[in-house]
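Inspection log for the structure reproduced underneath, given as structure tokens.
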Amino acid sequence: MTVSLSRLLSSDDPLPVSVLNPGAHSPLLLLCDHASHAVPAALAGLGLPAAELTRHIGWDPGAALVSAHLAGRFDAAAVLSGFSRLVIDCNRAPGDPTSIPEISDGTVVPGNRGLDEAAVLARLDACFWPYHQVITARIAQMRSDGRVPVVVAVHSFTPCLNCAGGARPWQIGVLWNHDPRLAVPLIETLRAQGVCVGDNEPYSGRDSSYTVETHAAAAGLPHVLIELRQDLLGDPAGCAHWADVLGDALAPLLARPELARAEFH
């Protein structure tokens, strides 16, 4: 995979996108929109201390490691974003008010305040479009190989946000909109395993989810967005365990014939 560097990035910065297991043969395609809390050196940490970047406002802790475990288990490719969601959120449409937040969960982000059009375009070119272009290319390659991709986006969520509504009880959230082919049986299977599952909780797939809507729903590909609670992913063992739980639920579903075709809902 070749990714060219934009004017915002230097050779010392991480790449804006990486692909795990690029030679994979599975129809499963894993996406991780918030895999990293890295910030391009030119942006000077967005004016934030490292402790802010490494909490949930900067990325989805544990999501990349869970994606890696699932990629290994299923011989699946995983596409991971390379920069913090505070630089630009790869799961928001360009121009969305939350795409480059000036405030996130009460934290003011100095490096995101008062950006002009050129600064926004530089972040799109450096960090956003390369990630989505790799996803587009990966899906196109899978389709040309005769595979219908089954798209699973992996995220993580905080046990409590603002604490106004109390602690979030769900261990896994399954987010979906119109296409039930993967989401509904996945919810049923996880619940049968004794998992506390949120059906469109703690967020709703009925709201805009840019990545799966753009790359999967718009093409009629079976898809789902998974949220795992971050306190369960606090160390590698926890990530491995919950990757196994999710993998055990996914394994019997991937062979279903309704997932082997494009279908619009």
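Can we say residue 219 is out of contact with any Gly (no Cβ under 8 Å at 6 or more places or on another chain), surrounded by fewer than 18 Cβ atoms within 10 Å (Cβ to Cβ) and among the aliphatic types (A, V, I, L, M)?
yes
Given (1) in contact with a strand residue (DSSP E or B) (Cβ under 8 Å, 6 or more places away or on another chain); (2) within 20 Å of residue 110 (Cα to Cα), where does residue 84 come up short, assuming only one miss?
That leaves (1) as the condition not met.
Given the condition closer than 23 Å to residue 154 by Cα and either at pLDDT below 95 or part of a loop (DSSP other than H, G, I, E, B) (or both), answer yes or no: does some residue in segment 109-118 qualify?
No: segment 109-118 contains no residue that is closer than 23 Å to residue 154 by Cα and either at pLDDT below 95 or part of a loop (DSSP other than H, G, I, E, B) (or both).
Any residue in segment 29-51 that is more than 30 Å from residue 136 (Cβ to Cβ) sitting within a Cβ distance under 6 Å of a residue that is β-branched (Val, Ile, Thr)? List the pairs, counting only those 6 or more apart or interchain.
Matching pairs, first to second residue: 45/39.
Would you be able to say whether some residue in segment 138-153 is out of contact with any strand residue (DSSP E or B) (no Cβ under 8 Å at 6 or more places or on another chain), closer than 24 Å to residue 15 by Cβ, at pLDDT 95 or above and buried (at least 23 other Cβ atoms within 10 Å of the Cβ)?
For segment 138-153, residues out of contact with any strand residue (DSSP E or B) (no Cβ under 8 Å at 6 or more places or on another chain), closer than 24 Å to residue 15 by Cβ, at pLDDT 95 or above and buried (at least 23 other Cβ atoms within 10 Å of the Cβ): absent.
Which is touching a Gly at 6+ places or on another chain (Cβ under 6 Å) and either surrounded by fewer than 21 Cβ atoms within 10 Å (Cβ to Cβ) or of a type in the set (Lys, Arg) (or both), of 55, 73, 7?
Exactly one of 55, 73, 7 is touching a Gly at 6+ places or on another chain (Cβ under 6 Å) and either surrounded by fewer than 21 Cβ atoms within 10 Å (Cβ to Cβ) or of a type in the set (Lys, Arg) (or both), namely 73.
Tell me, yes or no, whether segment 163-182 has at least one residue that is surrounded by 13 or more Cβ atoms within 10 Å (Cβ to Cβ), out of contact with any Lys or Arg (no Cβ under 6 Å at 6 or more places or on another chain), under 20 Å from residue 224 (Cβ atoms) and of a type in the set (Val, Ile, Thr).
Checked segment 163-182: at least one residue is surrounded by 13 or more Cβ atoms within 10 Å (Cβ to Cβ), out of contact with any Lys or Arg (no Cβ under 6 Å at 6 or more places or on another chain), under 20 Å from residue 224 (Cβ atoms) and of a type in the set (Val, Ile, Thr).
Kindly check whether there is at least one residue in segment 13-22 that is assigned to a loop (DSSP other than H, G, I, E, B), crowded, with 18+ Cβ neighbours inside 10 Å, touching a residue at least 40 places away in the same chain (Cβ under 8 Å) and of a type in the set (Gly, Ala, Ser).
Taking every residue of segment 13-22 in turn, none turns out to be assigned to a loop (DSSP other than H, G, I, E, B), crowded, with 18+ Cβ neighbours inside 10 Å, touching a residue at least 40 places away in the same chain (Cβ under 8 Å) and of a type in the set (Gly, Ala, Ser).
All but one of (1) under 24 Å from residue 208 (Cα atoms); (2) in contact with a helix residue (DSSP H, G or I) (Cβ under 9 Å, 6 or more places away or on another chain) hold for residue 13; state the number of the condition that does not hold.
(1)
Kindly indicate whether residue 73 is within 13 Å of the chain's Cα centre (by Cα) and at pLDDT 95 or above.
It is false that residue 73 is within 13 Å of the chain's Cα centre (by Cα) and at pLDDT 95 or above.
Among the numbered criteria (1) at positive phi; (2) part of a loop (DSSP other than H, G, I, E, B), which single criterion is violated by residue 57?
It is condition (1) that residue 57 fails.
Scanning segment 207-216 for residues that are modelled with pLDDT of 95 or more and of a type outside the set (Ser, Thr, Tyr), which turns out surrounded by the fewest Cβ atoms within 10 Å (Cβ to Cβ)?
Filtering segment 207-216 for residues that are modelled with pLDDT of 95 or more and of a type outside the set (Ser, Thr, Tyr), the one surrounded by the fewest Cβ atoms within 10 Å (Cβ to Cβ) comes out as 213.
Of the numbered conditions (1) over 21 Å from residue 127 (Cβ atoms); (2) in a strand (DSSP E or B); (3) of a type in the set (A, V, I, L, M, F, W, C), residue 71 fails exactly one; give the number of that condition.
Just one mismatch for residue 71, condition (2).
Would you check if residue 89 is assigned to a loop (DSSP other than H, G, I, E, B), surrounded by 20 or more Cβ atoms within 10 Å (Cβ to Cβ), touching a residue at least 12 places away in the same chain (Cβ under 8 Å) and not aliphatic (A, V, I, L, M)?
Yes: the conditions hold for residue 89.
Output yes when any residue across segment 203-215 is aliphatic (A, V, I, L, M), within 19 Å of residue 167 (Cα to Cα) and touching a residue at least 12 places away in the same chain (Cβ under 8 Å), and no when none is.
no
Looking at residue 237 and the list (1) assigned to a helix (DSSP H, G or I); (2) in contact (Cβ under 8 Å) with a residue 40 or more places away in the chain, which single condition is not satisfied?
(2)
The values are calculated or read from the model by the stated rules, or taken from the named source; none is laboratory data. Predicted model only: the values in this text are computed from it and were never measured. Positions of Cβ are backbone-derived with ideal geometry, glycine not excepted, and every protein chain shown enters the neighbour counts.
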